[in-house]
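This report concerns only the one structure given below.
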Amino acid sequence: GEDVEQSLFLSVREGDSSVINCTYTDSSSTYLYWYKQEPGAGLQLLTYIFSNMDMKQDQRLTVLLNKKDKHLSLRIADTQTGDSAIYFCADPQGGKLIFGQGTELSVKP
Amino acid sequence: GAVVSQHPSWVICKSGTSVKIECRSLDFQATTMFWYRQFPKQSLMLMATSNEGSKATYEQGVEKDKFLINHASLTLSTLTVTSAHPEDSSFYICSAMGSGGGTEAFFGQGTRLTVV
């Protein structure tokens with residue numbers, strides 16, 4: 001079945017760039033998503049990338065997609081303390097989303 | 001983006017009682033709604049998919065008699081946890097997809113259920 005994997009933790013200093021990685025097994029999806037979850041809250045869609053794109057930039061966010069290696073990454077430039085949260089990549093399969101385990105990003109001042 | 005409202009945000013109930021959680025799409029018609037469960041420090045696990053006017057499709061291992069899902073209208077789906085037990089304590093999140101043909105799912109803010 002579909003499998004989406006992420007590293008569990010990432011710690012960076014304020015102002016540095018953060019790179020969160022994700023690998024997936026199924027390559028038929030049209031989109032791949034990144035969601036952000038703050039403590040005790042639901043999920044907020046951060047950005048997405050079409051499967052026919054290699055890169056998408058949206059302000060401080062850059063998404064890179066390597067379809068050959070089935071690897072997706074999210075780069076956050078100039079990381080701020082407010083970026084501290086759990087980040088999930090998600091692969092839509094028939095409308096339902098298959099989530100990675102989530103990467104907990106900790107930003108130290 | 002579209003708004004999905006989930007209610008209540010948190011609930012504490014006694015063991016053996018039932019709890020209903022509502023998921024509403026406020027500014028669009030949601031033909032499909034999804035219910036997820038999330039344990040602390042873990043990912044979201046899909047419980048079931050509901051389409052308006054039809055029976056929900058449950059994922060393997062999810063008891064349909066325990067987690068009753070109703071999607072009676074294009075803007076409302078409910079999840080009822082029947083005869084709740086402490087092991088049902090969790091964070092439940094719904095998401096909704098519109099009828100416009102897009103693949104984006106919008107999430108509610110989640111409901112923290114604690115069974116004592």
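The values are calculated or read from the model by the stated rules, or taken from the named source; none is laboratory data. What you see is a predicted model, and the numbers here were worked out from it, not measured in a lab. Cβ sites come from the backbone with ideal geometry, for glycine too, and all protein chains shown count toward neighbours.
Summary of values
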| quantity | calculated |
| --- | --- |
| Residue list for region A:23-32, filter: assigned to a strand (DSSP E or B) and at the interface with chain B (Cβ under 8 Å from one of its Cβ atoms) | A:31 |
| Region B:1-42 - residue that is among the polar types (S, T, N, Q) and surrounded by 18 or more Cβ atoms within 10 Å (Cβ to Cβ) and, of those, farthest from residue B:96 (Cα to Cα) | B:38 |
| Some residue of region A:93-105 being closer than 20 Å to residue B:105 by Cα, without any contact (Cβ under 8 Å) to a residue 60 or more places away in the chain and either surrounded by fewer than 20 Cβ atoms within 10 Å (Cβ to Cβ) or touching a helix residue (DSSP H, G or I) at 6+ places or on another chain (Cβ under 6 Å) (or both) | yes |
| Of residues in region B:33-54 being of a type in the set (Ser, Thr, Tyr) and under 16 Å from residue B:6 (Cβ atoms), the one nearest to the chain's Cα centre (by Cα) | B:36 |
| Strands (runs of 3 or more DSSP E) (entirely within region A:47-109) containing at least 1 residues that are within 14 Å of chain B (Cβ to nearest Cβ) | A:55-58, A:85-93, A:96-99, A:103-108 |
| Scan of region A:62-90 for residues that are surrounded by fewer than 22 Cβ atoms within 10 Å (Cβ to Cβ) and of a type in the set (Gly, Ala, Ser), ordered by number | A:73, A:77, A:82, A:84, A:85 |
| Considering residues of region B:39-85 that are more than 14 Å from chain A (Cβ to nearest Cβ) and of a type in the set (Asp, Glu) only, the residue nearest to residue A:8 (Cα to Cα) | B:63 |
| Candidates A:84, A:27, A:17, filtered to the one that is more than 15 Å from the chain's Cα centre (by Cα) and on the phi < 0 side of the Ramachandran plot | A:27 |
| Filter pass, residue A:15 being facing chain B (nearest Cβ under 10 Å) and assigned to a loop (DSSP other than H, G, I, E, B) | no |
| Residue check, residue B:91 at pLDDT 90 or above, within 11 Å of chain A (Cβ to nearest Cβ) and within 11 Å of the chain's Cα centre (by Cα) | yes |
| Residue that is small (Gly, Ala, Ser) and within 30 Å of residue B:60 (Cβ to Cβ), where the choices are A:18, A:28, A:73 | A:28 |
